[in-house]
């Protein structure tokens, strides 16, 4: 555990916890609410890492004690084996968590899905991915809201953006950047042919008050339009949806989540800041920069994962991780894929 202690810098974190707890007791602490929120967030983060380390340390200690008891005839081999498996699981989880070591990893995220080659088939595939990420986020305890959606002309969706709020949402999902390939017997093909389609996924860290992103209002070009939700809703009778172009970067953001144009503008600015922050992050990593700059093509050469439904398998092409139950994956059971990628990326 000494090595892991060094990785997590537990001693330094304990000092940070003590210092920030003292700050929070200051009678003037809430005079600056923004700064107070940042301090409390940092305090929560340090406590989270220390708690995870303690869980692992306790599990290892318990296994060692039970092994000593076994030697003295006071515990069984079965009890030792169970404690050993628990300790190994705790160590593996701690090792995995140690890969989420960048400041942006602790943030929420905005996940964007865009249909690629394949027409209606790809639009339907995009809606399947939308459902998959929605179910994963809900199972993982994250709060999800739809920021923008453009439905397909026949079925599915052309594009959608989800806001996923919660600790480490970005860190967990950042490896989903790329093209996802679906192979199946298409329900939209009258001849029952096997079809291949593509959709791309982009994940951006969701900026919060701890991150300063300056956006000059003079650099923004705004448009308003009617939202594209189901017919008859109030949002479709007024131009409540907004589109903003950031002239220096060329980034374009749309939002139609709220009925109020004012609220949609506030959310659009937040989405824009998240994308601008993502660009800054990606400048430090050329491979991911290509993804964020939108230079990936929705075709064979840039895919990261294949979902082959009739042959019953899903495989990540980077880590090599493969399962033979695509239904579970599409129902949101993504954790093993996420972990497999993050573990190889950290090596």
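No value in this document is a laboratory result; all are computed from the given coordinates. All of these numbers come straight from a predicted model, not from anything done at the bench. Methodologically, a virtual Cβ is constructed for each residue, glycine included, from the backbone with ideal geometry; neighbour enumeration extends over all protein chains shown.
Remarks
- In degrees, nearest ten, helix 120-139 long axis to first principal axis of the chain (Cα): 30 degrees
- Cα long-axis angle, helix 33-71 against the chain (0 to 90 degrees, to the nearest 10): 50 degrees
- Using C-alpha pairs under 8 Å with a sequence gap of at least 6, the mean separation divided by the residue count of region 2-97 gives a relative contact order of 26 percent.
- Counting 0.36 nm for each residue step from residue 81 to residue 96 and taking away their Cα separation leaves a gain of 3.2 nm.
- Cα-projected label distance for residue 89 with residue 151, points at 7 Å along beta-carbon direction, nm: 4.4 nm
- Label-point separation in nm, residue 312 to residue 280, each point 7 Å along Cα→Cβ: 5.0 nm
- Rounded tilt (10° steps) of 261-282 against the dominant C-alpha axis of the chain: 60 degrees
- Of the peptides 316-322, 189-195, 264-270, the ranking by mean beta-carbon count within 10 Å, highest at the top, reads 264-270, 316-322, 189-195.
- Taking a point 7 Å out from the Cα of residue 219 in the direction of its Cβ, the residues of region 239-278 whose backbone N falls within less than 13 Å of it are 245-252, 272-278.
- Mean separation of Cα contacts under 8 Å (6+ apart) over length of region 102-347, as relative contact order %: 21 percent
- Distance in nm between pseudo-label sites at residue 189 and residue 322 (7 Å out along the Cβ direction from Cα): 2.2 nm
- Here the calculated FRET efficiency for residue 139 and residue 64, from their Cβ-Cβ distance with R0 = 41 Å, stands at 0.75, rounded to the nearest 0.05.
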